[in-house]
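Quick notes on the structure that follows.
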Amino acid sequence: MGVLSREHIKKYLSKTKNEDRLTITPLLDYDKAINASSIDVRLGNEFIIMKQQSFSVLDVSEGDKLKNTIEKYQKKIIIDYNTRFILHPNNLIIGSTFEYIGLPKDLMCYVIGKSSWGRMGLIIATATKVDPGFKGSITLEIINGGQIPIVLYPGIPIAQLVFHEATGTDEYDGNYKYPTGPNFPDFSQKYEEWKYWFPQ
């Protein structure tokens, strides 16, 4: 299926049945947010930051200890709107969209960084696919791959969603259901699947 144009995005946003409608709320500036083939989304005000000084390595083979290890390595913070968040070179933070997204079962999207940020070295959404039926704020993995610190502000346009129609009836059934902010990574199910590859 091809990429949805502005016209088709607006049709999905205006469908009358909840289960058929594309929901993006709040759309602060409806006409400005919808581009020729995408919708801009803004940066929320919750972040998970890394505490590199607290330990030396993250090992996914640690099983039951892994959850506690991740929580020691990462810390969730909330900052006020109109407040600066400084992201230093080579640092990663986990944020989320300001908007709450609801995808119908026949629509999926990709999260793509905006070129103006990319030219500053900011890499957005390293896990880019959002499955049909997903509902929640979209988690954004944000890396400063440039040479100088970058100041981010909650509420600014940070990325764009590009939509494709999907065939079939499968929908999102992952670990991160109905998030309203960034979530800590959950390796609990992956551990059982991967444990045969770890040292015994």
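The values are calculated or read from the model by the stated rules, or taken from the named source; none is laboratory data. On a predicted model such as this, the values are computed, not experimentally measured, just so you know. So basically every Cβ, Gly included, is an ideal-geometry build from the backbone, and we count neighbours across all protein chains shown.
Every residue, every condition in (1) modelled with pLDDT under 90; (2) surrounded by fewer than 20 Cβ atoms within 10 Å (Cβ to Cβ), yes or no:
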residue: I78; (1), (2): no, yes
residue: L87; (1), (2): no, no
residue: D131; (1), (2): no, yes
residue: T139; (1), (2): no, no
residue: T169; (1), (2): yes, yes
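Just to be sure before I move on: is V60 under 23 Å from the mean Cα position of the chain (by Cα) and modelled with pLDDT under 95 in the structure I sent? Spell out how you get there, then give the answer.
Values: under 23 Å from the mean Cα position of the chain (by Cα): yes; modelled with pLDDT under 95: yes.
For V60, the condition - under 23 Å from the mean Cα position of the chain (by Cα) and modelled with pLDDT under 95 - is met.
Counting only strands (runs of 3 or more DSSP E) wholly contained in region 79-132, the ones carrying 3 or more residues that are touching a residue at least 40 places away in the same chain (Cβ under 8 Å) occupy 85-87, 92-96, 100-102, 107-113. Just one of (1) surrounded by fewer than 15 Cβ atoms within 10 Å (Cβ to Cβ); (2) free of Cβ contacts under 8 Å to residues at least 40 places away in the same chain; (3) over 20 Å from the mean Cα position of the chain (by Cα) fails for E19. It is (2). Total residues in region 12-52 satisfying the condition of being more than 25 Å from L152 (Cα to Cα), of a type outside the set (S, T, Y) and assigned to a helix (DSSP H, G or I): the figure is 4. Inspect all residues belonging to region 7-22 and state whether any of them is touching a helix residue (DSSP H, G or I) at 6+ places or on another chain (Cβ under 6 Å) and at pLDDT below 95. Checked against the condition, which is being touching a helix residue (DSSP H, G or I) at 6+ places or on another chain (Cβ under 6 Å) and at pLDDT below 95, region 7-22 yields no hits at all.
Residues are listed down the side, and each one gets a yes or a no for (1) among the aliphatic types (A, V, I, L, M); (2) closer than 21 Å to K32 by Cβ:
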{"site": "F98", "(1), (2)": "no, yes"}
{"site": "P104", "(1), (2)": "no, no"}
{"site": "I112", "(1), (2)": "yes, yes"}
{"site": "G136", "(1), (2)": "no, no"}
{"site": "G146", "(1), (2)": "no, no"}
{"site": "P149", "(1), (2)": "no, no"}
{"site": "Q160", "(1), (2)": "no, yes"}
{"site": "G168", "(1), (2)": "no, no"}
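Looking at L43, L27, just one residue is within 30 Å of I77 (Cβ to Cβ) and touching a Pro at 6+ places or on another chain (Cβ under 6 Å), and that residue is L43.
Looking only at region 141-167, residues that are surrounded by fewer than 21 Cβ atoms within 10 Å (Cβ to Cβ) and without any contact (Cβ under 8 Å) to a residue 60 or more places away in the chain come to 6 in all.
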